[in-house]
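The values are calculated or read from the model by the stated rules, or taken from the named source; none is laboratory data. Everything quoted here is computed from the prediction, not taken from an experiment. We place every Cβ from the backbone using ideal geometry, glycine too, and count neighbours over all the protein chains shown. Quick note on the areas: whole protein, heavy atoms, side chains included, nothing else; ligands and nucleic acids left out. Shrake-Rupley method; radii C 1.70, N 1.55, O 1.52, S 1.80 Å.
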Amino acid sequence: MNLKLEDNGQVVLLQVKEERLDAHNSEQLKQELGRLFEEGKTRVVVDLKEVRFIDSSGLGALVSGFKNASSRQAGLKLSSLQSQVKSMFELTRLHRVFDIYTTVDEALEAF
């Protein structure tokens, strides 16, 4: 999986550089989020701008990251969801669980 990580010391921006977030690559995202929170990062934004498709495995990786963050009193926010990805979050009602922002800047400012 192609991930780009930017850490400015206050917030970590994790950009998913894939068109699909599915069973083939979601485990890597789950592991990376787990690693960030284990290292003590408390503010993470996942940029999904390039993701055009997400399946239950991709959603599961993000839910796992959310649980990991919550258990450590950390924050995980999502940004830049494509319409099909946003529809999956609404269909599964996960849009009520996650803090979702239109742009990366809005998500960063929310911290």
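Values computed for the structure shown
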item: Exposed-site-free run, longest, the chain (rule: GluC sites (Glu not before Pro); DSSP loop; at most 16 other C-beta within 10 Å); result: 51-111
item: Surface per residue (accessible, 1.4 Å probe) for the chain, Å²; result: 55 Å²
item: Computed [θ] at 222 nm, helices only, for the chain once each DSSP H run of length n ≥ 4 contributes -39500 (n - 2.57); result: -12500 deg cm²/dmol
item: Test item: Cα-centred dipole of segment 3-109, Lys/Arg +1 and Asp/Glu -1 on Cβ, debye; result: 280 debye
item: Interchain or long-range residues, amide H under 5 Å from residue 43's placed H; result: 12, 75
item: Of all DSSP beta bridges in segment 3-109, antiparallel share, percent nearest 5; result: 25 percent
item: Label zone at residue 50, where the point sits 7 Å out along the Cα-to-Cβ direction: segment 89-111 residues whose backbone N lies under 20 Å; result: 101-108
item: Euclidean distance of C-alpha centroids, segment 9-50 and segment 56-91, integer Å; result: 10 Å
item: Whole-Hz couplings from phi, Karplus 6.51/-1.76/1.60, listed for segment 47-63; x for Gly and Pro; result: 8, 10, 3, 8, 7, 9, 9, 9, 10, 4, 5, x, 4, x, 5, 5, 5
item: Sum of side-chain charges, residue 14 neighbourhood, beta-carbon under 14 Å (Lys, Arg +1; Asp, Glu -1); result: +1
item: Note, ³J(HN,Hα) from phi for segment 96-111, Karplus 6.51, -1.76, 1.60, rounded to Hz, x at Gly and Pro; result: 8, 8, 8, 7, 10, 10, 5, 10, 4, 4, 5, 5, 5, 5, 5, 7
